[in-house]
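A.B. asks: Next up is a structure, given as structure tokens.
The values are calculated or read from the model by the stated rules, or taken from the named source; none is laboratory data. Every value quoted in this text rests on a predicted model; they were computed, and no experiment measured them. Cβ atoms come from the backbone with ideal geometry, glycine included; neighbour counts cover every protein chain shown. Areas reflect the complete protein model, heavy atoms only, side chains present, ligands, DNA and RNA absent. Shrake-Rupley method; radii C 1.70, N 1.55, O 1.52, S 1.80 Å.
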Amino acid sequence: MKASKFYGSFKSRIDKWEGALALVSEVIELILTVQRKWIYLESIFMASEDICKQLPKESSLFIEVNATFGHVMSNAAEQPNAVIQCTATGMLETVTCMDDKLETIQKSLDSYLETKRDVFPRSRGSVGNMTLVQHHTAWRSLPESVPFVV
């Protein structure tokens, strides 16, 4: 549109829309990134009490992000206008903050699982994080006498 000979007549409106659409694009990309991370971590922190006990700071951080993410998504459902939602005051900062917190949680979880891989060297490289979490949770829930039977 800026290449049009009529650009001068509509400069302020075109520039306003260009800025708004750039912001919408950035916020939506961040929301999709947050959603991918949230889906992965939700299955771990909501299903594994053991992980929550082992990583209490990250667990409370995830609960905070979970509440914020739910609030953002319910607002989007109530007002399904992307321009209004994405250009709302503080939206970019909120989504960026959620992304940063989820990244912190992921790094802590990876570090914790790395220590578990050190305890079980056969799991190194061949077992994904979700499988390791499931096995670790199942192992923790076994009665104390079972290790002597195995």
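A.B. asks: For the stretch 41-70, give me the residue count where each residue is at pLDDT below 95 and of a type in the set (Ser, Thr, Tyr).
C.D. replies: Summing the residues that are at pLDDT below 95 and of a type in the set (Ser, Thr, Tyr) in the stretch 41-70 gives 2.
A.B. asks: What is the number of the single condition among (1) assigned to a helix (DSSP H, G or I); (2) under 21 Å from residue 70 (Cβ atoms) that residue 47 does not meet?
C.D. replies: In the conditions (1) assigned to a helix (DSSP H, G or I); (2) under 21 Å from residue 70 (Cβ atoms), residue 47 misses (1) alone.
A.B. asks: What number of residues within the stretch 1-21 are open to solvent by 60 Å² or more (accessible area, probe 1.4 Å) and either assigned to a helix (DSSP H, G or I) or touching a strand residue (DSSP E or B) at 6+ places or on another chain (Cβ under 6 Å) (or both)? Explain how you work it out, then say what you get.
C.D. replies: Keep residues of the stretch 1-21 that are open to solvent by 60 Å² or more (accessible area, probe 1.4 Å), which gives 1-3, 5-6, 8-13, 16-18, 21.
Applying the additional criterion that residues be either assigned to a helix (DSSP H, G or I) or touching a strand residue (DSSP E or B) at 6+ places or on another chain (Cβ under 6 Å) (or both) yields 8-13, 16-18, 21.
Matching residues across the stretch 1-21 total 10.
A.B. asks: Any residue at all in the stretch 17-36 that is under 19 Å from residue 112 (Cβ atoms) and under 11 Å from the mean Cα position of the chain (by Cα)? Give the derivation first.
C.D. replies: To start, the set of residues in the stretch 17-36 that are under 19 Å from residue 112 (Cβ atoms) comprises none.
No, because not a single residue in the stretch 17-36 is under 19 Å from residue 112 (Cβ atoms) and under 11 Å from the mean Cα position of the chain (by Cα).
A.B. asks: Moving on to the next point. All but one of (1) touching a Ser or Thr at 6+ places or on another chain (Cβ under 8 Å); (2) open to solvent by 30 Å² or more (accessible area, probe 1.4 Å) hold for residue 98; which doesn't?
C.D. replies: (2)
A.B. asks: Another question about this same structure. Can you work out which of the residues in the stretch 47-65 that are within 12 Å of the chain's Cα centre (by Cα) and open to solvent by 40 Å² or more (accessible area, probe 1.4 Å) is farthest from residue 109 (Cα to Cα)?
C.D. replies: Within the stretch 47-65, the first condition is being within 12 Å of the chain's Cα centre (by Cα), and the residues that meet it are 61-65.
Checking which are open to solvent by 40 Å² or more (accessible area, probe 1.4 Å) leaves us with 63-64.
On the way: 63: 15, 64: 16 Å.
Result: 64.
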